[in-house]
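Engineer: Dumping the structure here so I can ask a few things about it.
Nothing in this text is a laboratory measurement; each read-out follows from the coordinates by a stated rule. Bear in mind that the values here come from a model prediction, so they are computed numbers and not experimental data. A quick note on method: Cβ atoms are made from the backbone with ideal geometry, for glycine too, and the neighbour counts reach across all protein chains shown.
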Amino acid sequence: MHLPRPPRRRSATWAAAAFTATALAAGVMPAAAADTPSPAVSAKIDSSLRSAVAKGGDATFFIVLKDKADLSGAEKQRTHAKKATTAYKELRAHADDSQAPLRSFLDKRKVGHKDYWIANTIQVTGDRALVDELAGRSDVASIVKKRTFKLDDIETSRKNVTTSRPTSAGPDAAADGGDTPEWGITDIKADQVWDQYDDRGEGIVVASVDSGVQYDHPDLVANYRGNNGDGTFTNDYNFYDPTGTCATSTTPCDNAGHGTHTMGTMVAKNGLGVAPNAKWIAAKGCATDQLCADDDLLAAGQWILAPTDHNGQNPRPDLAPNIVNNSWGGGDTAFYQDIVEAWNSAGIFEAFAAGNDGDGSTCSTTAAPGAQAPTYGVGAYDANGRIASFSGFGPSPVDGSAKPNIAAPGVDVPSTWPGSQYNTISGTSMATPHVAGAVALLWSAAPSLIGKIDETREILDEGARDVDDTHCGGTAGRNNVWGEGKLDILASIDKAPHTAATVTGKVTDKATGAALNNITVKATDAAGSVRTVTTTADGTYRLPLAPGTYTFAFSGYGYANGSATGVTLAAQQSFTQDAALAAVASHKVSGTVLDVTGKALPGAKVELNGTPLDAVTTDAQGKYAFAKVSEGSYTLTVKPAAPVLCNGVHNDTATVGSADLTKNVQLPHRTDNSGNSCAPATYSWIAGSKKVALSGDEDSAPVALPFPVKLYGVPYSSASVTTDGLVNFLSSRVGDYGNTALPTTGVNGVKGIVAPLWDDLILDKKSSVQTATTGTKGSRRFAVVWNNAAYANGTSGRATFEAVFDEATGAVTLQYQSVADKGAGATVGIANQSGTDALQYSYNQPVIGAGTAVRFTQGAK
């Protein structure tokens, strides 16, 4: 039996300056003097954070709120999708409500912040005075310094990378390279589950929070949920990279290898994976093998519960995975147990590595999060049945709970590796995906258990083979070295409720009888629960289902959809549901692409997602064409070529009927995640009239604003203007001569800015910065004007430009009288107060000419 879950905890972080005279003038008093906080206040502050800010410096930290969401409603839901959706809505609504006073507090003090809902925490950067003041708030439970974790050294140092599959299953496996299972697969008896139950994880989706995955690895590509089966891939909702490491955030990557290896142990083909017919998705929570940052892990944790597109928008909790593997850890993960609780309430089974800090004898060497009571922690053993020398032992040093929960193969484990290669490495990280894959087998064979976390843990525990080692406490049946013992998924499935009906069938071409590969088969029951599989090369499929009445849907490119309704399945029934699909005709799809101004847009990329057709590019007249497209409905996506300027991405449905289709497109205005948009504007220069005391290199000066100016929904009465072409609403930010792309995060990131021309500029005797206010109250315009700014790198020519703020609309217009290099070395755009969202017009692109005007319309609340 697993241990009871402790109460949830919450954490948060924020950054800013000390408590200022502005706050005092507003009548807000600190809870205690900054240098003498009360013992109760001090107790809320993480000791490492206290040390980090002790000498006057800033640090990034999380503010953990006391209040917590009630997730009992999610646990009562019947289907996986409803559990995840209910949990997401409750968590999101509760965070918005309980965080509102704190967000307002931070906004008034010009403190940039990033808000999370899965752990009810806020991330900021600030100094000791801010930390103390926050700790004095009654709604704050604790304040925790931002930490980083890593993928353990023992795992990443024992590399044996090969281009052909390594083996530990004997000479026959090396010779045939086929489905002969590796030692870990046979040790947990997954191969016997394949044979005796004809079960390879069909209809189950597993996920990982790791270093990413090589999505097109030959042993993984068929199982990737984003594989459309026609040579194309849909990565939105199937892969997420909050670290920004992947070269393109829309394409899965793995720069460390670890995530590809763990995913291979879960689902890879050819005898490497435990559940080779389960689908997989992934969140890249670790930027490198040495860097898994708190904020990236939080973002990844949120995405697992409610997958989003690659921008982190438009969440779909109904697409949450069934299982998530976590092979990382170390240190104290104060808020991660809240994420585990949220996953559990949504019916998502989590498995965590117990850690590689063991020495073969010392107790209490497990590492968080695997050492925390709410998690299912996994230890490691070798092919000879001996506990691994590095495997962490309990009791938990975090909360004293019995750990690990179970042990699995984790020494010299062969699996997939980036570059379509293979590698044999060791660690509790290698043991954990054996457990995650085993749960996929269990839930596929016994679908009545899907989403039932407590019952699933019990069955895993009951099936485990006991190992008597009590030197760290416990009993022969449950101790702090082996947990419940060695994973035995055959025994667990034998003990599971065998009520499932098994549906098999073959999908063929109606006219020719030919088998159809990669046809999606979707079974939906009366409660709305959905299970999905795809047909294999011979057109067959297999899907275990709980007893009930189902509707079957069959779909694939080039064929009309098929269905079967009112299919009633009894317990343990074997049922055959074949389908013969009719091929459909093909027609031409063509059109013209226009930019936001209505002009023809050459060089735009046009995709028909859901087809195997390659993308096409618009010609000089903005025209595109697909010669033959099968009848059906697809997503037409149009992406402007760089520089994108204010052209957004167009997504629309293209339904190809019984004739050629003409689909003309005008691109929308590009927007950021907060609803701000940009568009070309009519040039209307405002000359400066009042000089700002600003000159030289790397200087800044404050300016008073004649009316409240909002940036991302936060009003300001003053701002700083810099020599480097920035209006900064949070601080002077002197030293920002090195422009970057937007958004940019981190302690030294530029945040809360309007950047009309962020470059390394110098104001000499020929230069000046001025302000001017025009219009009457209610319709005033305020301009900050840079006149004849020189370039620090010696670029010939000068730049005259301005930022104009509109009182009536809240819009910001950037205008350019002259720019010597057309902005080839500059950043132009706006960014929010935490550096997490921005609308970038250009970055180091020569796209600004004399008379250019760009208007940013703010949609942030």
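Engineer: Using Cα centres only, tell me the gap between region 502-531 and region 539-564 in whole Å.
Structural biologist: 3
Engineer: Under a crude label model (7 Å from the Cα following the beta-carbon direction), how far is SER731 from ASP466 in nanometres?
Structural biologist: 6.0
Engineer: For LYS495, which lysines qualify as cross-link partners when the Cα separation must be under 17 Å and same-chain residues fewer than eight apart are set aside?
Structural biologist: Answer for LYS495, where 17 Å is the Cα cut-off: LYS189, LYS452, LYS486, listed by chain and number.
Engineer: Another question about this same structure. Normalised radius of gyration for region 614-654, please: alpha carbon Rg relative to 2.2 N^0.38 Å, two decimal places.
Structural biologist: Output field value: 1.31.
Engineer: Put one equal scatterer on each alpha carbon of region 501-581, apply the Debye formula with no solvent term, and list log10 I(q)/I(0) at q = 0.18, 0.24, 0.26 1/Å to two decimals.
Structural biologist: Evaluating at q = 0.18, 0.24, 0.26 Å⁻¹ gives log10 I(q)/I(0) of -0.67, -1.12, -1.27.
Engineer: Between ASP96 and GLU698, what is the label-point separation in nm under the 7 Å Cα-to-beta-carbon projection?
Structural biologist: So the label points at GLU698 and ASP96 sit 4.4 nm apart.
Engineer: Oh, and also: By per-residue mean of other Cβ atoms within 10 Å, what is the highest-first order of 104-112, 120-128?
Structural biologist: Peptide ranking by packing, descending: 120-128, 104-112.
Engineer: Is it possible to state the helix-based mean residue ellipticity at 222 nm for the chain, with each DSSP H run of 4+ residues giving -39500 (n - 2.57), the sum divided by total residues, to the nearest 500 deg cm²/dmol? What is it?
Structural biologist: -5000 deg cm²/dmol
Engineer: How do SER718, SER555 rank when sorted from fewest to most other Cβ atoms within 10 Å of their own Cβ?
Structural biologist: SER718, SER555
Engineer: Relative contact order for the chain using alpha-carbon pairs under 8 Å, separation at least 6, rounded to a whole percent?
Structural biologist: For the chain, the relative contact order is 9 percent.
Engineer: Below 8 Å, C-alpha to C-alpha, sequence gap of six or more: please give me the relative contact order for region 677-857 in percent.
Structural biologist: This gives 25 percent for region 677-857.
Engineer: Any idea which of THR148, VAL692, THR508 is furthest toward the positive side of the dipole for the chain, if Lys and Arg beta-carbons carry +1 and Asp and Glu beta-carbons -1?
Structural biologist: Highest projection toward the positive end goes to VAL692.
Engineer: Hey, how much of the P(r) for region 677-857 falls beyond 26 Å, as a percent of Cα pairs?
Structural biologist: Here the long-distance tail beyond 26 Å is 19 percent of all Cα pairs in region 677-857.
Engineer: Given the pairs LYS691/LYS766; LYS76/LYS522; LYS588/LYS663, which are separated by over 19 angstrom at their Cα positions?
Structural biologist: In this structure, LYS76/LYS522 lie more than 19 Å apart at Cα.
Engineer: Where does each of 558-569, 388-399 land if you order them by average Cβ count within 10 Å, highest first?
Structural biologist: Result, highest mean Cβ count within 10 Å first: 388-399, 558-569.
Engineer: Could you give me the radius of gyration and the Dmax of region 575-673, taking only the C-alpha atoms into account and expressing both in angstrom?
Structural biologist: Rg and Dmax of region 575-673, Cα atoms, are 15.7, 58 Å.
Engineer: Could you tell me what a quarter of the Cα convex hull surface of region 21-146 works out to, in nm² with one decimal place?
Structural biologist: 8.4
Engineer: Let's test this: bin the Cα-Cα distances of the chain at 10 Å from zero up to the farthest pair and state each bin's percent.
Structural biologist: 2, 12, 20, 22, 19, 14, 8, 2, 0
Engineer: At what distance in nm do the modelled label points of SER138 and SER72 sit from each other, each positioned 7 Å from its Cα along Cα→Cβ?
Structural biologist: Label at SER138, label at SER72, 2.5 nm between them.
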